1. What ranking do V117, V161 get, fewest neighbouring Cβ atoms within 10 angstrom at the top?
2. From the convex hull of the Cα coordinates of region 142-234, what is the mean projected area in square nanometres?
3. Once label points are set 7 Å from the Cα along Cα→Cβ at both L188 and C9, what is their separation, rounded to one decimal in nm?
4. How much length would be gained if the chain were fully extended between K195 and H30, taking 0.36 nm per residue of separation minus their Cα-Cα distance, in nm to one decimal?
Amino acid sequence: MIWFACGKCGKVLGRPDNAVGAMVFCDCGHGLTVPWESTAPEPSHVPAVVLPKVARAEPLSFDGISQPVTADPQPPPRSRRRRARFEVDPNVCLNHEARAKQKICADCGLSFCDDCVVAFRGQTLCGPCKNYETKLLQRPPKASALALASAAVAFAAGLLVLCMPWNKPMVLSVIALIALAVQALAFLAGLFAWKKTQSDPRFGGQGLAITGMAAASFLAVLTIVLTVYAQKLGT
């Protein structure tokens, strides 16, 4: 402890060692700075600090009987699912209960009257289903995997043609047949991909499909010409 006296009233104050340099105030209101070491003798009697007594909290009681504090009871398990607020009548319009069913939405399958459906891309759709289809059409088209596979397989077949053993007629014929089969698969994949892009605008890759079909056709003709030419040279 560091002991020091107030310069105004002379009262001796004490502060712990870690309060060096702190600003304190005496009871008379005079401000003091805690010195580095004691400048006044320690008083013979230091009054003890008496803490106020805090009353102990007691549990609530009703009619003189103490009630124990318990956790909130858990709700009983639900034996069955909640029933729907309403049941859909398939014989009337979903939006107008006073009108009989006249059309059925091709997407959700619910019943509507003529005023609640529209013709969209050759189908009869309700308002929400039509909005959903419109949002799908506004998305950027996704490249068809068949179109990409067609172009890749066609160029792979072209590399197979370049590696054909031209000095071995028998092996050349077998490899030529394999190359023609691969090119036929590439052409069919490109054709299916091209038809998919024509029927569904959500799918892109029309250029890749055409490239795959053109490459497969050109390489097939080149394979046949080179094979026949190599066979004639061999004979």
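1. Numbers: V117 23, V161 19.
Ranking V117, V161 by Cβ neighbours within 10 Å, fewest first, gives V161, V117.
2. Values: hull surface 20.5 nm².
So the mean shadow area of the Cα hull is 5.1 nm².
3. In this crude label model, L188 to C9 measures out at 10.7 nm.
4. Details: separation 165, 0.36 × 165 = 59.40 nm, distance 9.62 nm.
Stretched out fully, the K195 to H30 stretch lengthens by 49.8 nm.
Bear in mind these aren't lab numbers, they're just calculated from the coordinates by the rules spelled out. In this text, all values refer to a predicted model and were calculated from it rather than measured experimentally. Glycine gets a Cβ as well: all are built from the backbone with ideal geometry, and neighbour counts include every protein chain shown.
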